[in-house]
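Working notes, beginning with the structure itself.
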2 protein chains.
Amino acid sequence: MTAPAERDKRVPLDRRARRRAETIAEILDRAVVIMSDDGVAGLTMSGLARAMSIQPPSLYKYFPSVNAVHDALYRRGQEENLAVLRAGMACAEPGLPRLRSGLTALGRWAVANPVLAQLLFWRPVPGFRPSPDAFAAADEVVELLRGGLRDAVAAGQLGPAAASERGLTLLSALHFGVLSQHLANDPGGDWETGTYTSLHPTVLELFEAAFRAGASRD
Amino acid sequence: MTAPAERDKRVPLDRRARRRAETIAEILDRAVVIMSDDGVAGLTMSGLARAMSIQPPSLYKYFPSVNAVHDALYRRGQEENLAVLRAGMACAEPGLPRLRSGLTALGRWAVANPVLAQLLFWRPVPGFRPSPDAFAAADEVVELLRGGLRDAVAAGQLGPAAASERGLTLLSALHFGVLSQHLANDPGGDWETGTYTSLHPTVLELFEAAFRAGASRD
DNA sequence: GTCTATAGGACGATAGAC
DNA sequence: GTCTATCGTCCTATAGAC
């Protein structure tokens with residue numbers, strides 16, 4: 001009944017919406033390239049418009065401010081990071097193997113996406129604070145890792161202290177230590193052969209040794 | 001004979017030189033405050049002049065560009081860092097205690113001087129590359145740590161592999177992992193009680209355990 | 001060494017025509 | 001949604017008087 005009228009109006013709207021989403025995605029892609037060239041804090045609306053071959057005012061039809069671009073990138077990063085962790089954990093058995101697989105996937109993603117990784121984990125843009133909404137995925141990442149530690153403890157592969165806040169903190173310091181040194185001193189290196197990233201398995205072993213079931217370390 | 005003439009000219013020159021050095025030191029102090037408030041990349045000549053209550057052109061009598069200010073800060077940071085490491089190592093016995101003491105001193109300094117630490121170890125200022133001259137002290141820091149590892153191996157406190165490049169790389173990843181997480185997520189915390197920094201002794205123990213004399217780890 | 005004045009440019013963001 | 005034009009602000013750096 002109302003189908004023709006609806007189609008007449010809605011199909012063009014959908015096409016426009018899709019085209020708009022594509023443009024937004026392209027803007028974010030170019031923003032990452034700029035931040036890769038000029039530093040994570042080097043993104044500007046002017047430069048972004050230049051890279052898109054449009055005029056600055058046109059950009060404001062998609063993002064109300066440069067901060068909004070940062071926030072959209074932050075959200076994209078958190079969501080990719082979460083998806084990568086899920087995928088990494090899904091393809092290994094519960095317990096220690098799953099935890100290792102997840103952390104390795106996170107490390108590989110960070111090395112392959114240094115700009116987003118820095119934006120997410122080191123806050124290098126003065127004045128930018130992610131919106132609570134964009135931050136949401138980060139909580140889930142932590143929850144997944146916490147669960148991984150609990151499973152490894154339940155399986156008897158790690159001592160109970162590994163599932164404490166201290167265990168999680170130590171694990172993050174070890175994991176991000178490798179990544180931080182890689183990004184600062186060996187950004188061109190790849191995951192397998194990088195000066196620092198090649199130590200990631202070793203670092204995980206150190207964590208496991210510290211919290212091996214029966215170990216006395218608190 | 002020429003003494004009076006020399007004194008008439010040289011004494012005022014020394015006073016001026018000393019006053020100039022004091023002014024330069026004050027400029028650098030204020031620059032650190034600005035970078036602490038506005039982010040490490042937030043230093044500008046205009047803002048620096050405002051903070052000094054002088055006009056921008058006057059600043060150029062002391063530093064030819066904003067980059068020169070960054071470089072002077074970088075040099076100051078490297079030299080302080082080296083001095084702190086020397087002092088830390090000097091007040092402990094050779095071998096493992098000296099290595100621990102040196103690394104702890106470095107960690108304390110970084111936590112107390114987050115701006116300089118970020119400038120030295122994470123290069124957060126787009127476009128700034130330290131001059132080779134300003135970088136010089138960094139080599140000496142590495143040499144001291146290398147020597148500390150060698151001594152600990154010679155004393156039988158660590159296995160020979162600890163003194164390898166891989167050992168040094170692992171040690172730096174562990175040390176800077178704690179610092180990196182601290183600066184990003186707990187910058188207000190102090191060394192003893194900080195969420196991450198309180199784990200510094202633990203990560204040193206992990207390193208020692210990995211390379212304990214007789215351990216099979218490569 | 002200090003200042004005033006200024007050149008010359010980049011940036012964020014908006015108004016309003018089309 | 002695109003553009004031209006523009007405002008206001010901030011910046012680096014220099015010229016030249018005192």
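What follows draws every value from the coordinates through simple rules; no lab data is involved. Remember, it's a predicted structure, so these values are computed and weren't measured experimentally. Quick reminder, even Gly has a Cβ in these numbers, built from the backbone with ideal geometry, and neighbours come from all protein chains shown.
Points to keep in mind about this one:
- Positions within the stretch A:163-182 being more than 8 Å from chain B (Cβ to nearest Cβ) and of a type in the set (A, V, I, L, M), in sequence order: A:Ala163, A:Leu168, A:Leu171, A:Leu179
- When A:Arg108, A:Arg123 are checked against the criterion of being in contact with a helix residue (DSSP H, G or I) (Cβ under 7 Å, 6 or more places away or on another chain) and surrounded by 17 or more Cβ atoms within 10 Å (Cβ to Cβ), A:Arg123 stands alone in meeting it.
- Considering residues of the stretch B:16-63 that are within 14 Å of another protein chain (Cβ to nearest Cβ) and in a helix (DSSP H, G or I) only, the residue nearest to DNA strand C (Cβ to nearest atom): B:Gly47
- Exclusive hit being more than 14 Å from every other protein chain (Cβ to nearest Cβ) and out of contact with any Leu (no Cβ under 8 Å at 6 or more places or on another chain), set B:Pro126, B:Pro160: B:Pro160
- B:Leu103 being within 20 Å of B:Pro201 (Cβ to Cβ) and either more than 14 Å from every other protein chain (Cβ to nearest Cβ) or crowded, with 17+ Cβ neighbours inside 10 Å (or both): yes
- Single residue of B:Ala105, B:Ala72, B:Ala68, B:Ala136 found to be aliphatic (A, V, I, L, M) and closer than 26 Å to A:Asp37 by Cβ: B:Ala68
- Scanning the stretch A:154-167 for residues that are touching a residue at least 24 places away in the same chain (Cβ under 8 Å) and closer than 17 Å to A:Leu103 by Cα yields a total of 4.
- Residue match in the stretch A:142-152 (condition: closer than 22 Å to A:Met89 by Cβ, within 11 Å of chain B (Cβ to nearest Cβ) and crowded, with 22+ Cβ neighbours inside 10 Å): no
- Positions within the stretch A:66-85 being within 13 Å of DNA strand C (Cβ to nearest atom) and among the β-branched types (Val, Ile, Thr), in sequence order: A:Val66, A:Val69
- Unique match (being among the polar types (S, T, N, Q) and in contact with a Phe, Trp or Tyr (Cβ under 8 Å, 6 or more places away or on another chain)) among A:Gln157, A:Gln181: A:Gln181
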